[in-house]
1. What residues from region 183-213 fall in the zone where the backbone N is under 13 Å from a label point 7 Å along the Cα-to-C-beta line of SER367?
2. What is the distance in Å between the Cα centroid of region 208-226 and that of region 339-361?
3. What Kirkwood radius, in Å to one decimal, follows from the Cα pairs of region 1-61?
4. Projected onto the charge dipole of region 193-363 (+1 at Lys/Arg Cβ, -1 at Asp/Glu Cβ, origin at the Cα centre), which of GLY234, SER322, ALA309 gives the Cα projection farthest towards the positive end?
5. Could you calculate the contour length gain from ASP44 to TYR263, that is, 0.36 nm times the residue separation minus the distance between their Cα atoms, to one decimal place in nm?
6. FRET efficiency for MET1 and GLU377, Cβ-Cβ distance as r, R0 = 22 Å, nearest 0.05?
7. Which parts of region 24-48 would a label at LYS60 reach, counting a residue when its backbone N lies under 15 Å from a point 7 Å out along Cα-to-Cβ?
8. If the viscosity is 0.890 mPa s and the temperature 25 °C, what translational diffusion coefficient in µm²/s does Stokes-Einstein give for region 193-363 when Rh comes from Kirkwood over Cα pairs?
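None of the figures in this text is laboratory data; all of them are computed from the coordinates on show. Just so it is clear, the model here is predicted, and its values are computed rather than measured. Cβ atoms come from the backbone with ideal geometry, glycine included; neighbour counts cover every protein chain shown.
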Amino acid sequence: MTKAVVIHHTLNTLGGETTVAIETIESLHELGYEVELVTVQPPDLDSISRAYGKKIHIGKTKSLLPFKLNYFGIYQRLLTMLSSIDLKDTEVVINTHGDALPYRISGATPYLLYLHFPTFLMSSTASYASNKYRKSLFWRAYFKPYTVITHSLAMRAITRSSLILTNSTFSREAIREAFADVHPYVLYPPVDTKRFLHAYSQPINAREMKVLVVARFSPEKQIENAITVAHLLGGNIKFHIVGSLTPANRPYFKMLQNMIETYGLTQTVTLTPNASNEELIDAMSKSMIYLHTMIGEHFGVSIIEAMAAGLIPIVPAYGGCSETVPSEYQYHTLQEAADCIAKNAKTIDDKKRLQMHDISRQFSPDSFRKAMKQYIEQAKSQASMYRSSRAQS
């Protein structure tokens, strides 16, 4: 069986990047490849399979560390450069961890880079800056060395890539701003919409007037915005916030709990960390509206998941999500978000739910795998041309 290599720093942190990595692995498996995962820490495949509701087909794993590491997430990406990548009998290499880092990969081997976003832009004062890295002195100090290192290495990695893919037009424009003469292809992340059919099947009269938020409990996700919106609504509409929580983010989680108490919303806002797949589906089955809190989100997998479940998404007007959600459900301020929720709480019907569900189907794994197969063939063709030119020289 022909081998394909996927480079991803960790599958143990659930989120959009991990979803892209997993679906890339599954795409390669369906195309007949034996997938070798190059990573920093060994994946907990049982937990990952439970969270995603399916088996992950990895033939072999090469991890730099023999144990799980819950800290220094972005620096784990750098550590992937220390891993030994065996290119013998390898037909294609795909980097899905989202940053442009140089690896010792021959130009004769097709190499695809799925660049989620130029990370060093997130610490700038420009429009792409992340509140987490711009406002906090601690996080600025933590992030600064990484930006310096990746900025110096990125162009070398960009030049080596056979093809560069990214997750939205929003991210593509940021990449073009960061790297002149780079022209990435937009390949929207895959969303397992079938996983949410049970939730979608629940009729309106079986649901509560509840707003659902699905996001990793981490400062850059700006979950405090949801609590502010719940306060602006006078505590009259319940909110359920579901997401993964790592030990490093427990102080942020505690801050959210304190904020809920300060606003007197303990009976209105519920936090559920590290929910199982079953708990997530149940939450979607019982809710009517989905609120996305991160302004400048590069894509937003959870938004599409919520739409697949028949929820009405309320999202920021700035970011990749503005490409996927109709403009009448977008907001510029938190007051606009509250007003939009209040309006849709009165007007939601099955026609709107069907519209959202139909939009979500455009992002199915089948669509992703079909496009990925074409990009792999394109990268292989470019590598073949490289080998021919080297042979003639």
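1. 187-194
2. What the calculation gives is 19 Å, centre to centre.
3. Values: mean 1/r = 0.0871 Å⁻¹.
Evaluated on region 1-61, it is 11.5 Å.
4. Final value for the positive-end residue is ALA309.
5. Values: separation 219, 0.36 × 219 = 78.84 nm, distance 3.80 nm.
Separation in residues times 0.36 nm, less the Cα-Cα distance, equals 75.0 nm.
6. On the way: r = 18 Å, r/R0 = 0.82.
The computed FRET efficiency comes out at 0.75.
7. Residues passing the 15 Å test: 33-39.
8. Details: Rh = 15.8 Å.
Stokes-Einstein gives a translational diffusion coefficient of 156 µm²/s.
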